[in-house]
Structures are given as structure tokens and as C-alpha cells.
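Report on the structure given below.
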Amino acid sequence: MCLSQTVSFAAAGLLLAGGAHACSRALAINKKYLPVALMPVFAGIQQLAEGFVWMGMNTTNPALTLPSALGFIFFTWFMWPFWIPLGVYVLEPAQSRRKHLFLALALTGLVFGLILYVPHLVNPEWINVAINRNSLAYEGTMLLDFMMPRLATNILYLGLIIVPPLLSRYRHIRYFGLSLIAVVLVDYLFLSYAYISFFCLLAGLATFHLIYIISNNKCKRECPVLFA
């Protein structure tokens, strides 16, 4: 979380515990839930990484800050644009005409995520972490900055994580997509000074909706054959 080391670790604990419960329920109900159930777990690991970024910043320890920041942006730039459409793809019934679209979006997200993340492993100086208004701001250079405006990169990124849930067969997964839209709007309107950190925090908290969906088997209504 963006506000402090303590809050980041607390958020990580809650998300990891909730994600573990969701994974347990997914294994009991239907393994198709599992990729979605892992999202709160990944969000928890990401918040844990940000806690260590805070620790490194507070102690002026770049040997801790840089690898922790690389762990944080691994989920930001690589995992989410790939894993969210993959989770929707796995959940979608085999007869759905949109299933191939979700697979295509997942593969696009995989390539896009690699393009965004891997160059930072080769050029760690591209990562610039600063404290802005008592929040962590992740700025720096991205490979696609040399090819197109950052706004275009951000729009493509948001499309990959928002469009698949919105097109899902399942009503509550579509509601999760609406939650992500609300996160983007709040982040853009009020929290742009540390938008990456706040976006990941709010999107992480939004995954509690996924825990609710799996715990209560909400997909059963639209597809009782799979989720009876």
C-alpha cells in the first residue's frame, strides 16, 4: 500500500489470507475458479513487495529498494495484463463464443507484459522510486516510450485488464470489471501523484470482490452445469 510500510504489510496479510481461503474454496467447488482465486494472493505478494520498498526507502537502502521495486512492478506490468484475461478465459464455458477472444487477449497481455517488464531487468536505472505526498511514486523510462506516448501504453494496459471481465458470461465477474473502472477513475481524478502505487492498492482491494464471488459460488447462477 502506498501510505506506509506498516499498512502495506497489513494489506498483504489480509489479501494473502483471503486469497488462501478463495483458493481452498476453488479447489472444493471447481478448479476453474483457481486462476481468479489466485488474484488476491498475487495482490498480497505485490503489497508485501511494496512494504519492502518502503523499508528500503526509509533506511536509504537501494540494495533493498531496487529488487523490491522490481518485485512490485513484476505484478503491475507483467502479471495483471496477462493473468486477468487468462482467469476470465479459464472461467468461461467451453461453448462461449468469446472464449477464443479471451485467450487472444491473454496472449496479447503476455507479450505486452514482457515488453513492459523485461527491459527493467536489463536497465534497472529506468526505475525511479520516490516518496511524493507520503506515498510511493514509481516513475521512470519504459521501452514503449520510444515508440508511442505513455498515454497510449496506459490505455492498452487498462484495456487488457478491464475489457475481459466486462465481457465475461458471469454477472459478478462483470461487476468486478466495473470495480476496476471505478478504481481507474478514483486513481486518475484524485491520486495521480502516485498513480501506479494507488492503482495497485485499490485494484488489490477490489479482489476482495473475487473472494466473495468464489466463497459464495456466484457463477452457479449463470452456469449451474459447471458450478453445481
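Details
- Order of MET148, MET57, MET142, MET39 - criterion: other Cβ atoms within 10 Å of each residue's Cβ, fewest first: MET148, MET142, MET57, MET39
- Computed E for MET55/ARG174 - FRET, C-beta separation, R0 45 angstrom, nearest 0.05: 0.75
- Cβ-based exposure ranking for TYR175, TYR117, in which fewest neighbours within 10 Å come first: TYR175, TYR117
- Nearest 10 degrees, 0 to 90: helix 99-122 Cα axis against the chain principal axis: 20 degrees
- Taking 17 Å as the straight-line reach from the Cα of LYS220, the aspartates and glutamates in range (excluding those fewer than 8 positions away in the same chain) are GLU92.
None of the figures in this text is laboratory data; all of them are computed from the coordinates on show. This structure is a prediction, so every number in the text was calculated from the model and none was measured. For neighbour counting, all protein chains shown are included, and Cβ atoms are generated from backbone atoms with ideal geometry for every residue, glycine included.
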